[in-house]
Amino acid sequence: MLQMLDEAGAEADVRPALALLAAPEPLIEPDELTPALRRAMLLLAAGGDPQRELELDGRAVSALAAELDRPGRRTEVSRGLEALREDAAGLANVSSALDELLLDAGFAWRAYACALLADELEPD
C-alpha cells in the first residue's frame, strides 16, 4: 500500500491517505461520524461545487476536523503515523509526507478529516 502511495505522491497529495491508513478502525463511531460528515458536506456545497478538490485548510475540512477533534484521537493518528515510518523508509514521497504530518498533530488531524470527507464524496 505504501509503495502505491509513494508512486501516487509524485502527482497527488498523499497526506490524507496516510493519515487515514494510520488511524485505527473505527476511530470514530458511525453515530458521531455520519452527522458530522453531513454537516461538512453542506459546508462544501455552500462554498460552490461540492465535487471540487478538497483542501486541507478548506472550510469543510477544518469544520469537520474541529467537530471530531479529541486529544486521544489525535494521539491515535500520530501513533499510527509513527508506526508507518519504518515501512516508509526508502519511499521518498511517503517519507516526506509522513515527516510533515508528524511535525504537527493538528495538521495530521486535518489530513485525517480530509480523508474522511473524501471517502464520503466517493461514489459507491
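Each value in this text was obtained by applying a stated rule to the coordinates, not by laboratory testing. Quantities reported herein were computed from a predicted structural model and do not represent experimental measurements. Cβ coordinates were reconstructed from backbone atoms using ideal geometry, including for glycine residues, and neighbour counts include every protein chain displayed.
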Next on the checklist: Which of the helices (runs of 4 or more DSSP H) found entirely inside the range 42-124 contain at least 3 residues meeting this: more than 12 Å from the chain's Cα centre (by Cα) and not charged (D, E, K, R)?
Outcome noted: 59-68, 71-88, 92-103
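Go through the range 9-40 and count every residue that is touching a residue at least 40 places away in the same chain (Cβ under 8 Å) and surrounded by 13 or more Cβ atoms within 10 Å (Cβ to Cβ). Don't jump to the end; show me each part of the working.
So in the range 9-40, the residues touching a residue at least 40 places away in the same chain (Cβ under 8 Å) come out as 9-10, 13-24, 27-28, 33, 37, 40.
Of the ones still in play, those that are also surrounded by 13 or more Cβ atoms within 10 Å (Cβ to Cβ) are 9, 13-23, 27-28, 33, 37, 40.
The qualifying residues number 17.
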Next on the checklist: With the requirement that a residue be out of contact with any Leu (no Cβ under 8 Å at 6 or more places or on another chain) and of a type in the set (D, E, K, R), what does the range 53-102 give you?
Outcome noted: Glu53, Glu55, Asp57, Glu67, Asp69, Arg70, Arg74, Arg79, Glu86, Asp99, Glu100
Checklist entry - Does Thr75 fit the bill of being loosely packed, with under 13 Cβ neighbours inside 10 Å, more than 21 Å from Ala17 (Cβ to Cβ) and among the hydroxyl-bearing types (Ser, Thr, Tyr)? => result no
